[in-house]
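Participant: Here it is, the structure, as structure tokens.
None of the figures in this text is laboratory data; all of them are computed from the coordinates on show. All values reported here derive from a predicted model rather than from experimental measurement. Positions of Cβ are generated from backbone atoms using ideal geometry, with glycine treated the same way; all protein chains shown enter the neighbour counts.
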Amino acid sequence: MIKQAIIPLAGLGTRLLPLTSILPKELLPINGKPGLEYILDECINAGIKEIIFIISNKKKIIKKYFYNDKFYKKIIKKKKDKRVKFEYNKILKYKNKIKFIYQNKPLGTGDAILKTKNLISGSHFLILFPDDLIIKKNCSKEMILLYKKFKCSIMASIKVKREDVSRWGIFSIKKKINRRNFFIKDVIEKPNKKNAPSNNAVIGRYILPKDIFKKLEKQKKGVGGEIHITDSIRELIKSDYNFIGHNFAGKYLDCGTMKGYINSSLEISKL
Ligand code: G1P
């Protein structure tokens, strides 16, 4: 079963500057809660028991959100306000499930994930990218159910506009399973319009095998000089590992840009 999840949180968040010069983007409030909490709610409700946060020295304040200092702890404990109590208790509950690991140089998603190698115990694990909020339906839960059935790797996906393919990991389909699921033939990180194999984009939810670490250890830098998880996934596909692309049922909100961040608050306030 999938019991562990990784959340990479060491990114610099430059697209949301100057806000992110004082607060990590994952702690910026979306309709009254840090964006990160929606991601945590999703994994906990999907049955995840342990979450690994990849942070950096610059983003230690994320740890502080879960380990309140004594000063605020005392005040919060005396509070009668239901919302404050609920949120505080939730943070305490989540705190016990979180492990912290550091990536101090932003060398890419692949490099970040490799840092967790010695903490992963099961054959497969879940990754959630905090920029990608999925609301209305729990995408991780859907993917874990799919994993139970097919016992292989899974990536969340949506169709994007042809002119936007260079923003995403793009995959081609080997075989359709049903309306929402496909076996993947190949995946390319941020291709240009000309060499994009389709307009099926990877969204930040992955169920990956532990064997990805062997590929990551040898992974060379890719587009933009970064080590991408997508390139190691490609290597696994070449070595005949099955990957399913899952067109999730929920609604996707991109919180990594200012426009998307503002829109996500609006969308969530309507729920
Ligand atoms: C990352 C992945 C990319 C994926 C995207 C989803 O890109 O490398 O393959 O499509 O997340 O959000 P990033 O957002 O880090 O540029």
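Participant: Once the convex hull of the C-alpha atoms of region 70-217 is built, how many Å³ does it hold per residue, rounded to a whole number? Kindly include the intermediate steps, with their values, before the conclusion.
Facilitator: Details: hull volume 26.5 nm³, N = 148.
In region 70-217, the Cα convex hull volume per residue is 179 Å³.
Participant: Then there's this: Quick one: Karplus J couplings for region 77-89, per residue in order, coefficients 6.51, -1.76, 1.60, θ = phi - 60°, nearest Hz, x for Gly and Pro?
Facilitator: With the stated coefficients, region 77-89 comes to 4, 7, 5, 9, 3, 4, 4, 4, 4, 4, 5, 5, 5 Hz.
Participant: Normalise the Debye intensity by I(0) for region 1-50, one equal point scatterer per Cα, no solvent, then take log10 at q = 0.18 Å⁻¹ and round to two decimals.
Facilitator: After summing over all Cα pairs, the log10 values are -0.64.
Participant: Rounded to the nearest 5, what % of DSSP beta bridges with both residues in the chain are antiparallel? Present the calculation step by step, with values, prior to reporting the outcome.
Facilitator: Values: 29 of 46 bridges.
For the chain, the DSSP antiparallel bridge percentage is about 65.
Participant: Moving to a separate point now. If we count other beta carbons within 10 Å of each Cβ, what is the order of Arg167, Arg234, Arg162, fewest first?
Facilitator: Values: Arg167 14, Arg234 22, Arg162 10.
Sorted ascending by nearby Cβ count, the order is Arg162, Arg167, Arg234.
Participant: Pairs of Cα atoms under 8 Å, at least six residues apart: use those to get the relative contact order of region 8-55, whole percent.
Facilitator: Details: 27 pairs, mean separation 19.6, N = 48.
Worked out over region 8-55, it gives 41 percent.
Participant: Further, regarding this structure: Tell me, Val202, Val160 in order of fewest to most beta-carbon neighbours within 10 Å?
Facilitator: On the way: Val202 25, Val160 18.
Fewest to most other Cβ atoms nearby, the residues stand as Val160, Val202.
Participant: Determine, from the Cβ-Cβ distance of Asn89 and Asn118 and an R0 of 35 Å, the FRET efficiency 1/(1 + (r/R0)^6), rounded to the nearest 0.05. If you can, show how the numbers build up before the last one.
Facilitator: Numbers: r = 31 Å, r/R0 = 0.89.
For Asn89 and Asn118, the calculated efficiency is 0.65.
Participant: Can you list residues whose amide H is under 5 Å from Gly108's amide H, if they're 5+ apart or on another chain and H is modeled 1.01 Å from N?
Facilitator: Distant-sequence amide H within range of Gly108: Ile227.
Participant: For region 106-180, with only Lys/Arg (+1) and Asp/Glu (-1) charged at the beta-carbon, what is the dipole magnitude about the Cα centre, in debye rounded to 20?
Facilitator: 620 debye
Participant: Just to check I understand the Karplus step: with θ = phi - 60° and J = 6.51 cos²θ - 1.76 cosθ + 1.60, what whole-Hz values come out for region 22-35, glycine and proline as x?
Facilitator: 10, 9, x, 4, 6, 9, 4, x, 10, 6, x, 9, x, x
Participant: Could you list, in their original order, any pairs among Lys141/Lys251; Lys193/Lys259; Lys136/Lys214; Lys105/Lys174; Lys148/Lys210; Lys3/Lys77 whose Cα atoms are separated by more than 26 Å? Intermediate values should be presented prior to the final figure.
Facilitator: Working: Lys141/Lys251 14 Å; Lys193/Lys259 23 Å; Lys136/Lys214 36 Å; Lys105/Lys174 36 Å; Lys148/Lys210 16 Å; Lys3/Lys77 31 Å.
Where the Cα-Cα span goes over 26 Å, the pairs concerned are Lys136/Lys214; Lys105/Lys174; Lys3/Lys77.
Participant: Sorting Tyr38, Tyr88 on the 10 Å Cβ count, fewest up front, what's the list? Before the final figure, lay out each step's value.
Facilitator: Values: Tyr38 20, Tyr88 17.
In order of increasing Cβ crowding within 10 Å: Tyr88, Tyr38.
Participant: For Ile135, what is the net charge nearby, where nearby means another residue's Cβ is under 10 Å from its Cβ and Lys, Arg count +1, Asp, Glu -1? Can you show the working numbers first?
Facilitator: Working: positive: Lys136, Lys137, Lys251, Lys270; negative: Glu42, Glu267.
My count for the surroundings of Ile135 gives +2.
Participant: Okay, next question. Of Ile127, Pro191, His228, which is farthest on the positive side of the dipole of the chain, counting Cα position, with +1 on Lys and Arg Cβ, -1 on Asp and Glu Cβ, and the Cα centre as origin?
Facilitator: Ile127
Participant: Is the C-alpha gyration tensor of region 137-220 telling us rounded, prolate or oblate? Criteria: a/c under 1.5 is rounded; beyond that, a/b larger than b/c is prolate, otherwise oblate. Write out the running numbers ahead of the final one.
Facilitator: Numbers: a/c = 1.84, a/b = 1.20, b/c = 1.54.
Oblate, since a/c reaches 1.5 and b/c is not below a/b.
Participant: What do you get for Rg/Rh of the chain when both radii come from the Cα atoms and Rh is the Kirkwood radius?
Facilitator: On the way: Rg = 18.4 Å, Rh = 19.2 Å.
Result for the chain is an Rg/Rh of 0.96.
Participant: Report the far tail of the P(r) of region 10-132, meaning the percent of Cα-Cα pairs longer than 21 Å.
Facilitator: Working: 3218 of 7503 pairs.
When every Cα pair of region 10-132 is considered, 43 percent fall beyond 21 Å.
Participant: For the chain, what is the charge dipole size about the Cα centre, in debye to the nearest 20, if Lys and Arg each add +1 at the Cβ and Asp and Glu each add -1 at the Cβ?
Facilitator: Dipole magnitude for the chain comes out near 840 debye.
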